[in-house]
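Taking it in order: structure first as C-alpha coordinates, then the write-up.
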Amino acid sequence: MLEISRTQTIDEFPNKWNQRPYLIIGGTTKAATTSLYTYLGAHPQVCVSSIKETRFFLDQDYPLRSKYRLEDGAEKYDEYFLQTKQTTCLWVEATPDYLYSRGTPEKIKRTLSNVRFVFTLREPVSRVISWYRFAKQNDMLPKDMSLDEYILRQIDPKSVDSAGLDQPMRAVEQGRYAGYLRPYFDVFRKDRIRVVLLEDLARDPKRIMQELCDFSGIDFEFYQSYGFEVHNRTENLKNSTLHGYYWKAMSFVHSKIYKRPFIKSMLQKIRSVVEPVYLGLNRRASSSSSEEMMSSQVKDALISYYRQPNRELEELLGRSLSWEERK
(Lines give C-alpha, C1' and ligand atoms only; values in the text may rest on other atoms or scores of the structure.)
Protein backbone atom coordinates (compact mmCIF):
# COMPACT_ATOMS: atom_id res chain seq x y z
CA MET A 1 0.00 0.00 0.00
CA LEU A 2 1.34 3.40 -0.96
CA GLU A 3 1.84 5.66 2.03
CA ILE A 4 1.66 9.41 1.42
CA SER A 5 3.55 11.58 3.86
CA ARG A 6 2.99 15.31 4.30
CA THR A 7 6.08 16.01 2.17
CA GLN A 8 5.36 13.74 -0.80
CA THR A 9 4.14 15.29 -4.05
CA ILE A 10 2.40 14.29 -7.28
CA ASP A 11 5.76 13.73 -9.00
CA GLU A 12 6.49 10.85 -6.61
CA PHE A 13 3.45 8.82 -7.71
CA PRO A 14 2.67 9.84 -11.32
CA ASN A 15 -0.33 7.94 -12.70
CA LYS A 16 -2.93 8.68 -15.35
CA TRP A 17 -5.67 9.06 -12.73
CA ASN A 18 -4.05 11.93 -10.88
CA GLN A 19 -3.26 13.79 -14.11
CA ARG A 20 -6.93 13.90 -15.19
CA PRO A 21 -8.94 17.14 -15.09
CA TYR A 22 -10.99 17.02 -11.90
CA LEU A 23 -13.80 19.25 -10.73
CA ILE A 24 -14.37 18.98 -6.98
CA ILE A 25 -17.62 20.29 -5.55
CA GLY A 26 -17.42 21.51 -1.97
CA GLY A 27 -19.38 24.03 0.00
CA THR A 28 -21.78 24.38 2.81
CA THR A 29 -24.32 21.66 3.54
CA LYS A 30 -27.92 22.23 2.40
CA ALA A 31 -26.75 24.35 -0.54
CA ALA A 32 -27.51 22.16 -3.58
CA THR A 33 -24.29 20.16 -3.82
CA THR A 34 -26.38 17.05 -4.55
CA SER A 35 -28.28 18.82 -7.33
CA LEU A 36 -25.07 20.14 -8.88
CA TYR A 37 -23.45 16.69 -8.68
CA THR A 38 -26.52 15.17 -10.36
CA TYR A 39 -26.64 17.80 -13.12
CA LEU A 40 -22.97 17.26 -13.95
CA GLY A 41 -23.28 13.48 -13.67
CA ALA A 42 -25.90 13.48 -16.43
CA HIS A 43 -23.47 15.11 -18.88
CA PRO A 44 -21.98 12.68 -21.44
CA GLN A 45 -18.50 14.18 -21.02
CA VAL A 46 -18.45 13.78 -17.23
CA CYS A 47 -17.57 10.84 -15.00
CA VAL A 48 -18.85 11.36 -11.46
CA SER A 49 -17.55 9.43 -8.48
CA SER A 50 -19.50 6.26 -7.69
CA ILE A 51 -20.23 7.73 -4.24
CA LYS A 52 -21.20 11.39 -4.19
CA GLU A 53 -19.21 12.15 -1.02
CA THR A 54 -15.96 10.20 -1.23
CA ARG A 55 -14.63 12.26 1.76
CA PHE A 56 -11.22 11.06 0.59
CA PHE A 57 -9.32 14.28 1.29
CA LEU A 58 -10.87 15.06 4.67
CA ASP A 59 -8.51 15.31 7.61
CA GLN A 60 -8.02 12.05 9.47
CA ASP A 61 -9.75 13.40 12.59
CA TYR A 62 -12.66 15.06 10.75
CA PRO A 63 -15.85 13.61 12.33
CA LEU A 64 -17.35 11.99 9.22
CA ARG A 65 -16.79 8.39 8.21
CA SER A 66 -15.37 7.34 4.87
CA LYS A 67 -14.12 4.13 3.32
CA TYR A 68 -10.71 5.62 2.56
CA ARG A 69 -8.70 8.71 3.41
CA LEU A 70 -5.64 9.90 1.50
CA GLU A 71 -3.46 8.29 4.17
CA ASP A 72 -4.69 4.86 3.00
CA GLY A 73 -2.90 5.41 -0.32
CA ALA A 74 -3.41 8.02 -3.01
CA GLU A 75 -4.19 5.37 -5.61
CA LYS A 76 -7.35 4.43 -3.68
CA TYR A 77 -8.97 7.58 -5.03
CA ASP A 78 -9.16 5.99 -8.47
CA GLU A 79 -11.47 3.27 -7.13
CA TYR A 80 -14.28 5.85 -7.08
CA PHE A 81 -13.97 6.46 -10.84
CA LEU A 82 -14.08 2.97 -12.38
CA GLN A 83 -17.02 3.83 -14.65
CA THR A 84 -15.13 6.22 -16.92
CA LYS A 85 -16.83 6.70 -20.29
CA GLN A 86 -15.02 6.87 -23.64
CA THR A 87 -16.19 10.47 -23.96
CA THR A 88 -15.12 11.51 -20.45
CA CYS A 89 -13.37 14.89 -20.35
CA LEU A 90 -13.96 15.72 -16.69
CA TRP A 91 -13.98 13.75 -13.44
CA VAL A 92 -16.27 15.06 -10.69
CA GLU A 93 -16.90 14.38 -7.01
CA ALA A 94 -18.85 16.32 -4.37
CA THR A 95 -17.88 16.36 -0.69
CA PRO A 96 -19.35 19.49 0.91
CA ASP A 97 -17.21 19.18 4.04
CA TYR A 98 -13.99 19.72 2.11
CA LEU A 99 -14.79 23.38 2.77
CA TYR A 100 -14.48 22.83 6.53
CA SER A 101 -11.51 20.45 6.71
CA ARG A 102 -8.41 22.54 7.41
CA GLY A 103 -5.80 20.26 5.85
CA THR A 104 -7.79 19.42 2.72
CA PRO A 105 -6.50 22.16 0.35
CA GLU A 106 -2.88 21.05 0.81
CA LYS A 107 -3.84 17.37 0.53
CA ILE A 108 -5.55 17.94 -2.82
CA LYS A 109 -2.71 20.14 -4.05
CA ARG A 110 -0.21 17.34 -3.35
CA THR A 111 -2.35 14.66 -4.98
CA LEU A 112 -4.11 16.05 -8.08
CA SER A 113 -2.21 18.02 -10.71
CA ASN A 114 -5.22 19.35 -12.64
CA VAL A 115 -8.09 20.30 -10.37
CA ARG A 116 -10.73 23.01 -10.19
CA PHE A 117 -13.23 23.73 -7.43
CA VAL A 118 -16.86 24.77 -7.21
CA PHE A 119 -18.05 25.85 -3.77
CA THR A 120 -21.77 26.30 -3.20
CA LEU A 121 -22.88 28.74 -0.51
CA ARG A 122 -26.24 29.81 0.85
CA GLU A 123 -27.53 32.79 2.83
CA PRO A 124 -26.46 31.62 6.29
CA VAL A 125 -29.65 32.29 8.28
CA SER A 126 -31.87 30.30 5.90
CA ARG A 127 -29.18 27.64 5.73
CA VAL A 128 -29.19 27.16 9.53
CA ILE A 129 -32.98 26.73 9.47
CA SER A 130 -32.72 24.19 6.66
CA TRP A 131 -29.92 22.30 8.41
CA TYR A 132 -31.99 22.16 11.61
CA ARG A 133 -34.93 20.67 9.69
CA PHE A 134 -32.63 18.23 7.89
CA ALA A 135 -31.06 17.10 11.19
CA LYS A 136 -34.50 16.68 12.77
CA GLN A 137 -35.71 14.82 9.67
CA ASN A 138 -32.84 12.35 9.97
CA ASP A 139 -33.09 11.90 13.76
CA MET A 140 -29.78 13.64 14.42
CA LEU A 141 -31.08 15.98 17.15
CA PRO A 142 -33.17 15.48 20.30
CA LYS A 143 -36.85 15.38 19.44
CA ASP A 144 -37.69 18.18 21.88
CA MET A 145 -34.97 20.61 20.74
CA SER A 146 -36.53 23.78 19.32
CA LEU A 147 -34.97 25.90 16.60
CA ASP A 148 -34.27 28.71 19.08
CA GLU A 149 -32.47 26.34 21.45
CA TYR A 150 -30.54 24.80 18.55
CA ILE A 151 -29.23 28.22 17.52
CA LEU A 152 -28.57 29.56 21.02
CA ARG A 153 -26.53 26.50 21.98
CA GLN A 154 -24.15 27.32 19.14
CA ILE A 155 -24.04 31.11 19.42
CA ASP A 156 -23.54 30.95 23.19
CA PRO A 157 -22.59 27.43 24.31
CA LYS A 158 -22.46 28.59 27.96
CA SER A 159 -26.20 29.41 27.92
CA VAL A 160 -26.98 25.68 27.87
CA ASP A 161 -24.72 22.62 27.94
CA SER A 162 -21.68 22.51 25.69
CA ALA A 163 -22.67 22.17 22.04
CA GLY A 164 -19.95 19.59 21.41
CA LEU A 165 -18.38 18.77 18.06
CA ASP A 166 -21.08 16.69 16.33
CA GLN A 167 -21.74 17.88 12.79
CA PRO A 168 -25.31 19.18 13.38
CA MET A 169 -24.05 21.39 16.20
CA ARG A 170 -21.43 23.05 13.98
CA ALA A 171 -23.98 24.49 11.58
CA VAL A 172 -24.12 28.05 12.92
CA GLU A 173 -20.36 28.60 13.06
CA GLN A 174 -19.89 27.01 9.64
CA GLY A 175 -21.96 29.79 8.08
CA ARG A 176 -18.96 32.11 8.54
CA TYR A 177 -17.75 31.14 5.08
CA ALA A 178 -14.83 33.50 4.42
CA GLY A 179 -12.55 31.90 7.00
CA TYR A 180 -13.09 28.47 5.46
CA LEU A 181 -12.71 29.56 1.83
CA ARG A 182 -9.56 31.62 2.34
CA PRO A 183 -7.16 28.61 2.59
CA TYR A 184 -8.25 27.49 -0.90
CA PHE A 185 -7.52 30.94 -2.30
CA ASP A 186 -4.13 30.79 -0.56
CA VAL A 187 -3.22 27.37 -1.98
CA PHE A 188 -4.80 27.53 -5.47
CA ARG A 189 -4.99 30.22 -8.13
CA LYS A 190 -8.19 32.26 -8.05
CA ASP A 191 -9.08 31.20 -11.60
CA ARG A 192 -9.29 27.59 -10.35
CA ILE A 193 -12.10 28.39 -7.91
CA ARG A 194 -15.73 29.22 -8.65
CA VAL A 195 -18.25 30.14 -5.93
CA VAL A 196 -21.93 29.52 -6.72
CA LEU A 197 -24.77 30.83 -4.57
CA LEU A 198 -27.73 28.52 -4.02
CA GLU A 199 -30.06 31.45 -4.61
CA ASP A 200 -28.60 32.01 -8.10
CA LEU A 201 -28.68 28.31 -8.97
CA ALA A 202 -32.34 28.06 -7.91
CA ARG A 203 -33.33 31.18 -9.86
CA ASP A 204 -31.43 30.48 -13.10
CA PRO A 205 -29.86 26.98 -13.22
CA LYS A 206 -29.23 27.13 -16.96
CA ARG A 207 -27.10 30.27 -16.68
CA ILE A 208 -25.10 28.82 -13.78
CA MET A 209 -24.50 25.58 -15.67
CA GLN A 210 -23.33 27.51 -18.73
CA GLU A 211 -20.80 29.32 -16.54
CA LEU A 212 -19.65 26.02 -15.01
CA CYS A 213 -19.31 24.38 -18.43
CA ASP A 214 -17.13 27.26 -19.58
CA PHE A 215 -15.17 27.05 -16.33
CA SER A 216 -14.55 23.28 -16.56
CA GLY A 217 -14.22 22.85 -20.34
CA ILE A 218 -17.27 20.74 -21.21
CA ASP A 219 -19.97 21.37 -23.82
CA PHE A 220 -22.96 23.40 -22.58
CA GLU A 221 -25.26 22.27 -25.43
CA PHE A 222 -26.36 19.24 -23.37
CA TYR A 223 -28.16 21.51 -20.87
CA GLN A 224 -30.23 23.44 -23.42
CA SER A 225 -33.11 20.99 -22.96
CA TYR A 226 -32.19 19.59 -19.55
CA GLY A 227 -34.77 19.45 -16.74
CA PHE A 228 -33.23 20.90 -13.58
CA GLU A 229 -34.92 19.05 -10.70
CA VAL A 230 -34.08 19.75 -7.07
CA HIS A 231 -32.39 16.81 -5.36
CA ASN A 232 -32.02 15.91 -1.66
CA ARG A 233 -34.73 18.36 -0.68
CA THR A 234 -35.40 18.67 3.06
CA GLU A 235 -38.81 17.21 3.87
CA ASN A 236 -41.25 17.74 6.73
CA LEU A 237 -41.81 14.22 8.01
CA LYS A 238 -44.17 12.54 10.44
CA ASN A 239 -41.64 9.99 11.71
CA SER A 240 -38.05 11.24 11.87
CA THR A 241 -36.81 8.06 13.58
CA LEU A 242 -37.97 5.94 10.65
CA HIS A 243 -36.35 8.33 8.19
CA GLY A 244 -33.12 8.29 10.20
CA TYR A 245 -32.95 4.52 9.75
CA TYR A 246 -33.78 4.87 6.07
CA TRP A 247 -31.04 7.48 5.54
CA LYS A 248 -28.42 5.38 7.37
CA ALA A 249 -29.43 2.27 5.42
CA MET A 250 -29.04 4.10 2.10
CA SER A 251 -25.60 5.36 3.13
CA PHE A 252 -24.55 1.83 4.14
CA VAL A 253 -25.74 0.31 0.86
CA HIS A 254 -23.98 2.96 -1.22
CA SER A 255 -20.72 2.29 0.63
CA LYS A 256 -20.94 -1.42 -0.26
CA ILE A 257 -21.85 -1.24 -3.95
CA TYR A 258 -19.78 1.73 -5.16
CA LYS A 259 -17.55 -0.59 -7.27
CA ARG A 260 -20.51 -2.50 -8.76
CA PRO A 261 -22.08 -0.18 -11.35
CA PHE A 262 -24.72 -2.66 -12.57
CA ILE A 263 -26.09 -3.34 -9.06
CA LYS A 264 -25.93 0.37 -8.26
CA SER A 265 -27.88 1.22 -11.41
CA MET A 266 -30.58 -1.34 -10.61
CA LEU A 267 -30.96 -0.11 -7.03
CA GLN A 268 -31.19 3.49 -8.22
CA LYS A 269 -34.07 2.53 -10.51
CA ILE A 270 -35.85 0.73 -7.66
CA ARG A 271 -35.25 3.68 -5.34
CA SER A 272 -36.66 6.13 -7.91
CA VAL A 273 -39.97 4.24 -7.72
CA VAL A 274 -40.07 3.36 -4.00
CA GLU A 275 -38.78 6.59 -2.44
CA PRO A 276 -41.54 8.93 -3.73
CA VAL A 277 -44.16 6.52 -2.37
CA TYR A 278 -42.41 6.27 1.00
CA LEU A 279 -41.98 10.05 1.28
CA GLY A 280 -45.60 10.57 0.32
CA LEU A 281 -46.70 8.35 3.21
CA ASN A 282 -44.28 9.88 5.72
CA ARG A 283 -44.56 13.56 4.70
CA ARG A 284 -46.41 15.99 6.96
CA ALA A 285 -49.16 18.13 5.45
CA SER A 286 -48.05 21.36 7.13
CA SER A 287 -44.89 23.13 5.97
CA SER A 288 -43.57 23.71 9.48
CA SER A 289 -44.35 23.10 13.14
CA SER A 290 -44.19 25.46 16.11
CA GLU A 291 -40.80 24.05 17.15
CA GLU A 292 -39.38 25.08 13.75
CA MET A 293 -40.29 28.74 14.23
CA MET A 294 -37.51 31.16 15.08
CA SER A 295 -38.23 34.00 17.50
CA SER A 296 -37.50 37.54 16.31
CA GLN A 297 -34.88 37.96 19.05
CA VAL A 298 -32.96 34.89 17.98
CA LYS A 299 -33.22 35.85 14.32
CA ASP A 300 -31.84 39.32 15.06
CA ALA A 301 -28.97 37.73 17.03
CA LEU A 302 -28.21 35.39 14.14
CA ILE A 303 -28.26 38.19 11.56
CA SER A 304 -25.88 40.18 13.76
CA TYR A 305 -23.65 37.12 14.18
CA TYR A 306 -23.22 36.82 10.40
CA ARG A 307 -22.97 40.51 9.47
CA GLN A 308 -19.18 40.86 9.65
CA PRO A 309 -18.40 37.39 8.18
CA ASN A 310 -20.66 38.23 5.21
CA ARG A 311 -18.69 41.43 4.62
CA GLU A 312 -15.44 39.47 4.77
CA LEU A 313 -16.83 37.05 2.20
CA GLU A 314 -17.76 39.90 -0.14
CA GLU A 315 -14.22 41.25 0.14
CA LEU A 316 -12.74 37.81 -0.57
CA LEU A 317 -14.92 37.25 -3.64
CA GLY A 318 -14.83 40.85 -4.84
CA ARG A 319 -18.60 41.08 -5.31
CA SER A 320 -21.79 41.93 -3.47
CA LEU A 321 -23.90 39.02 -2.24
CA SER A 322 -27.13 40.97 -1.58
CA TRP A 323 -28.12 38.50 1.14
CA GLU A 324 -29.39 41.23 3.42
CA GLU A 325 -31.91 42.32 0.79
CA ARG A 326 -33.08 38.75 0.25
CA LYS A 327 -34.04 38.00 3.86
- Query: Within the group Phe119, Phe134, which residue is among the hydrophobic types (A, V, I, L, M, F, W, C) and at pLDDT 90 or above?
  - Reply: Phe119
- Item | Filtered residue count, segment 27-43, keeping only those that are assigned to a loop (DSSP other than H, G, I, E, B) and either closer than 26 Å to Arg182 by Cα or at pLDDT below 90 (or both) | 5
- Among all residue pairs at least 6 apart or on different chains, which show Cβ distances below 7 Å where the first residue, located in segment 296-315, is farther than 13 Å from Val172 by Cα and the second is at pLDDT below 95 and open to solvent by 60 Å² or more (accessible area, probe 1.4 Å)? Glu314/Ser320
- Message: Against the definition (among the aromatic types (Phe, Trp, Tyr) and either within 16 Å of Leu212 (Cα to Cα) or touching a strand residue (DSSP E or B) at 6+ places or on another chain (Cβ under 8 Å) (or both)), how does Tyr62 come out, yes or no?
- Response: no
- Which residues, taken from segment 64-98, are without any contact (Cβ under 8 Å) to a residue 40 or more places away in the chain and over 22 Å from Tyr39 (Cβ atoms)? Arg65, Ser66, Tyr68, Arg69, Lys76
- Note on the structure: A careful count of residues in segment 104-157 that are within 22 Å of the chain's Cα centre (by Cα) and of a type in the set (Gly, Ala, Ser) gives 3
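The values are calculated or read from the model by the stated rules, or taken from the named source; none is laboratory data. Since the model is a prediction, treat every value here as computed from it, not as a measurement. Reconstructed Cβ throughout: ideal geometry from the backbone, glycine too, with neighbour counts over all protein chains shown. The area values use the complete protein model at the heavy-atom level, side chains included, leaving out ligands, DNA and RNA. Shrake-Rupley method; radii C 1.70, N 1.55, O 1.52, S 1.80 Å.
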